[in-house]
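What follows is a single structure, written as structure tokens, with notes after it.
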Amino acid sequence: MSFFTFANIMTVSEIHDIKKYCESLTDFKRFRTREVSIGKLKMGADNPIRIQSMTTTDTMDTQATVEQSIRMIEAGCELVRITAPSKREAENLKNIKNEFRARGYDTPICADIHFTPNAAEIAAKLVEKVRVNPGNYADSKKFKTIEYNDESYQEELERIRKRFTPLVRLCKEHGTAMRIGTNHGSLSDRILSRYGDTPKGMVESAMEFLRICEDEGFHNIVLSMKASNTQVMVQAYRLLVQQMKAEGMNYPLHLGVTEAGEGEDGRIKSAVGIGTLLEDGLGDTIRVSLTEEPEAECPVAEQLANKVEGRKSESGIPPIDHYPIDPFAYQRRTTYSVLNIGDHNVPVVLADLSGKQNISQAGLFPFGYRYSVPLDKWNIADLACDYIFVGDKQVDFEIPGTLGVVQDYATWERSKARHYPIVSVKEFELANDLHDKLNFLSVNLVDLNESLISKLKDSSNIVLLIEANSEHRMAELRRAFIELMNHDCNVPVVIKGSYHKLEEEKLQLYASADIGGLLIDGLGDGIMISAAESGSDAMVNALSFGILQATRTRISKTEYISCPSCGRTLFDLQETTARIRERTSHLKGVKIGIMGCIVNGPGEMADADYGYVGTGVGKISLYKEKEVVKRAIPTEEAVDALIDLIKEHGDWVEPVQE
Ligand code: SF4
């Protein structure tokens with residue numbers, strides 16, 4: 001690969017400054033963490049990215065928990081997490097571990113603790129790892145604002161130190177590892193009052209506990225910063241690394257997106273959050289949280305890890321002379337608008353139909369356009385693409401009013417309305433008959449030289465279609481955006497990803513990680529996924545909209561924030577999620593939280609408009625945002641009650657009858 005030379009290469013100290021959250025923005029380099037031992041499992045440093053998952057059985061049901069754990073291990077799980085809500089369950093971890101060993105499995109176990117320090121102290125003596133949530137280990141969350149000055153805040157930290165130190169000492173004594181696992185949704189009132197509902201608050205929440213561990217000389221620690229909002233999650237991990245570096249620490253990172261949901265949405269959301277960080281070399285272990293059987297999570301985590309494992313470090317991407325992106329706060333790149341692309345327009349979706357034999361009305365159905373012959377009318381779905389790229393094909397019917405057609409320059413039908421050309425750099429330089437409103441210019445990073453960029457700066461009818469095909473795809477595409485930004489070139493950009501002959505799940509995960517990783521930093525005014533022999537047309541179209549939804553850059557459907565369930569779950573989460581989805585999937589933009597228990601539920605779904613939370617056996621409470629509005633509804637009436645609540649608040653629309 002040959003690149004033009006970049007002017008104004010930064011000084012070493014400036015480059016160091018922009019790389020505070022990762023080792024390199026152009027080459028692939030893992031953040032070098034310290035090695036942690038979880039029983040026989042080594043994590044961090046040069047060890048492979050470890051795969052883990054969590055049981056959903058009742059922890060008191062030893063047989064069921066062991067059997068589910070074994071299914072998880074057979075599916076690739078290297079660390080089994082089991083909830084221990086009280087002392088009883090913590091004590092039963094001994095039986096689970098013994099049964100586990102008796103069956104010939106030595107996979108380490110992690111006890112998941114919320115609120116109950118004495119359960120943690122029991123578990124620390126029995127299993128290889130304990131996870132604590134700093135938001136609720138010694139604090140509570142009642143959505144109260146508390147006024148602190150420096151002195152009173154320090155007193156609180158001393159109180160936490162007293163509460164937490166016994167566990168740290170036990171872990172140290174028994175060689176037990178610990179995860180300090182912050183969740184965006186369960187930040188304590190103390191942290192929220194001091195730092196707000198921010199990535200900074202998440203980081204401080206963990207750092208307070210981490211500093212106590214360091215003071216005790218205990219270092220067998222892993223950290224996590226989970227959120228269901230992928231932007232918040234990515235920013236929090238980056239800030240955590242920056243903060244650790246500032247304090248001379250390098251603990252391994254456990255990556256996860258909480259309440260990612262199920263099926264395609266859950267996979268896309270997880271890949272956007274986890275994949276973005278992995279691409280920058282961050283992450284030592286992965287847990288994908290799906291509202292599915294836990295063994296379904298491991299292959300997904302494995303595919304994400306495999307995407308970067310063994311990747312060569314040198315990318316050939318030129319170094320950066322100035323980093324114009326704030327990695328800790330979302331800001332969309334400034335662009336001008338070309339028709340409906342760029343500026344404040346939501347990112348567009350281009351569908352690639354160039355490989356089709358011909359373009360027909362029926363062929364648009366998977367892309368959200370259904371033509372009714374008797375009515376001679378188009379029906380346009382929520383997931384209707386904005387443009388179709390047809391290559392050298394022609395469209396011999398009247399296209400819907402919301403659709404544009406993109407054609408190769410050589411076969412572009414100039415006289416047809418809403419037909420636009422796509423040109424190569426050479427065609428762009430020679431052509432004198434471009435469309436006066438919109439033209440797509442297909443480029444790679446190597447094409448972005450000074451001369452082309454200055455022409456782009458003078459244009460108002462060009463949209464770039466940028467593609468990269470190396471294994472460093474995300475970094476290469478990001479480098480192209482950086483080049484444009486550093487030259488104050490505000491041309492809109494559509495990101496193109498080509499994924500041919502991949503199996504469906506791999507396509508979902510790879511495209512979400514590569515393209516999502518850019519959108520999360522505000523880069524990109526549209527996406528086009530080319531996926532010949534990789535998935536059905538409808539699946540690829542849904543994937544494009546799914547990535548935009550998961551990065552919160554274009555909302556086109558109902559969002560479900562559903563927990564993966566665990567031993568605390570009070571109802572059948574998978575079945576309930578399916579029932580709620582069936583009734584509400586047409587409520588575009590509405591966010592519904594579905595949480596298995598009250599312990600974590602209200603906090604974890606902090607982002608949701610409505611919440612459905614298990615609060616007792618057979619009992620559900622409903623939330624409007626953070627407030628509980630209906631309590632202890634019998635499970636069989638709860639979905640209807642949720643619909644009534646949505647209606648009361650004016651968010652209901654009747655579904656369109658097909
Ligand atoms: S919200 Fe769900 S996964 Fe989280 S503790 Fe409760 S039941 Fe378990």
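The values are calculated or read from the model by the stated rules, or taken from the named source; none is laboratory data. The shown structure was predicted, so the numbers you read here are calculated from the model rather than taken from an experiment. Positions of Cβ are backbone-derived with ideal geometry, glycine not excepted, and every protein chain shown enters the neighbour counts. Surface areas here come from the heavy atoms of the whole protein model, side chains and all, with no ligands, DNA or RNA. Shrake-Rupley method; radii C 1.70, N 1.55, O 1.52, S 1.80 Å.
In region 218-276, what residues are touching a Pro at 6+ places or on another chain (Cβ under 7 Å) and without any contact (Cβ under 8 Å) to a residue 60 or more places away in the chain? Step through it out loud before you land on a result.
Within region 218-276, the subset touching a Pro at 6+ places or on another chain (Cβ under 7 Å) is 222, 232, 235-236, 238-239.
Those that are touching a Pro at 6+ places or on another chain (Cβ under 7 Å) and without any contact (Cβ under 8 Å) to a residue 60 or more places away in the chain: Val232, Ala236.
What pairs can you find where one residue is in region 556-567 and at pLDDT 90 or above and open to solvent by less than 20 Å² (accessible area, probe 1.4 Å), the other is away from the ligand (no atom under 16 Å from the Cβ) and in a loop (DSSP other than H, G, I, E, B), and their Cβ atoms are less than 6 Å apart, with a gap of 6+ or different chains?
Note: pairs meeting the criteria are Ser556/Asp382; Ser556/Leu383; Thr558/Ser585; Thr558/Leu587; Thr558/Val590.
So which residues in region 208-225 are more than 23 Å from the chain's Cα centre (by Cα) and not charged (D, E, K, R)?
Selection gives Phe209, Leu210, Ile212, Cys213, Gly217, Phe218, His219, Asn220, Ile221.
Could you tell me whether Tyr510 is part of a strand (DSSP E or B) and open to solvent by 10 Å² or more (accessible area, probe 1.4 Å)?
Spelling it out, it is not the case that Tyr510 is part of a strand (DSSP E or B) and open to solvent by 10 Å² or more (accessible area, probe 1.4 Å).
With (1) modelled with pLDDT of 95 or more; (2) at positive phi as the list, and Glu173 as the residue in question, which single condition is left unmet?
(2)
Would it be correct to say that Ile96 is surrounded by 19 or more Cβ atoms within 10 Å (Cβ to Cβ) and either among the polar types (S, T, N, Q) or within 26 Å of the chain's Cα centre (by Cα) (or both)? Full working, then the answer.
Details: surrounded by 19 or more Cβ atoms within 10 Å (Cβ to Cβ): yes; either among the polar types (S, T, N, Q) or within 26 Å of the chain's Cα centre (by Cα) (or both): no.
The answer is no for Ile96.
Being open to solvent by 60 Å² or more (accessible area, probe 1.4 Å) and within 22 Å of Gly524 (Cβ to Cβ) narrows it down to one residue among Ser415, Ser460, Ser424; which is it? Spell out the reasoning first.
On the way: Ser415 fails: within 22 Å of Gly524 (Cβ to Cβ); Ser424 fails: open to solvent by 60 Å² or more (accessible area, probe 1.4 Å).
The match here is Ser460.
Go through (1) modelled with pLDDT under 95; (2) open to solvent by 40 Å² or more (accessible area, probe 1.4 Å); (3) over 26 Å from Leu383 (Cα atoms) for Ser470 and report which single condition fails.
(2)
With Leu642, Leu543 as the choices, which residue is touching a residue at least 12 places away in the same chain (Cβ under 8 Å), in a helix (DSSP H, G or I) and either over 28 Å from Glu295 (Cβ atoms) or hydroxyl-bearing (Ser, Thr, Tyr) (or both)?
Testing whether each residue is touching a residue at least 12 places away in the same chain (Cβ under 8 Å), in a helix (DSSP H, G or I) and either over 28 Å from Glu295 (Cβ atoms) or hydroxyl-bearing (Ser, Thr, Tyr) (or both) leaves just Leu642.
Which residue is nearest to the ligand (Cβ to nearest atom), if the candidates are limited to region 246-274 and must be modelled with pLDDT under 95 and part of a helix (DSSP H, G or I)?
Gly266
Return yes when Lys144 is surrounded by fewer than 24 Cβ atoms within 10 Å (Cβ to Cβ), of a type in the set (D, E, K, R) and either more than 14 Å from the ligand (Cβ to nearest atom) or at negative phi (or both) and no when it is not.
yes
Hey, can you tell me all the residues within region 565-600 that are in contact with a Pro (Cβ under 6 Å, 6 or more places away or on another chain) and away from the ligand (no atom under 14 Å from the Cβ)?
His586
Tell me, yes or no, whether region 514-532 has at least one residue that is within 16 Å of the ligand (Cβ to nearest atom) and either outside any loop (DSSP other than H, G, I, E, B) or not hydroxyl-bearing (Ser, Thr, Tyr) (or both). Spell out how you get there, then give the answer.
Of region 514-532, the ones within 16 Å of the ligand (Cβ to nearest atom) are none.
No - not one qualifying residue is present in region 514-532.
Give the residue, chosen from Ser556, Ser562, that is among the hydroxyl-bearing types (Ser, Thr, Tyr) and more than 16 Å from the ligand (Cβ to nearest atom).
From the options Ser556, Ser562, the qualifying one is Ser556.
Is it true that Cys110 is crowded, with 19+ Cβ neighbours inside 10 Å, within 15 Å of the ligand (Cβ to nearest atom) and not in a helix (DSSP H, G or I)?
When the stated conditions are applied, Cys110 passes them.
Just checking, how many residues over region 489-533 are in contact with a Pro (Cβ under 9 Å, 6 or more places away or on another chain) and within 14 Å of Gly273 (Cβ to Cβ)?
2
Would you confirm, using the coordinates I've provided, whether Arg211 is touching a Gly at 6+ places or on another chain (Cβ under 8 Å), open to solvent by 10 Å² or more (accessible area, probe 1.4 Å) and either without any contact (Cβ under 8 Å) to a residue 60 or more places away in the chain or over 24 Å from Ile561 (Cβ atoms) (or both)? Show your work before the answer.
On the way: touching a Gly at 6+ places or on another chain (Cβ under 8 Å): no; open to solvent by 10 Å² or more (accessible area, probe 1.4 Å): yes; either without any contact (Cβ under 8 Å) to a residue 60 or more places away in the chain or over 24 Å from Ile561 (Cβ atoms) (or both): yes.
No: the conditions fail for Arg211.
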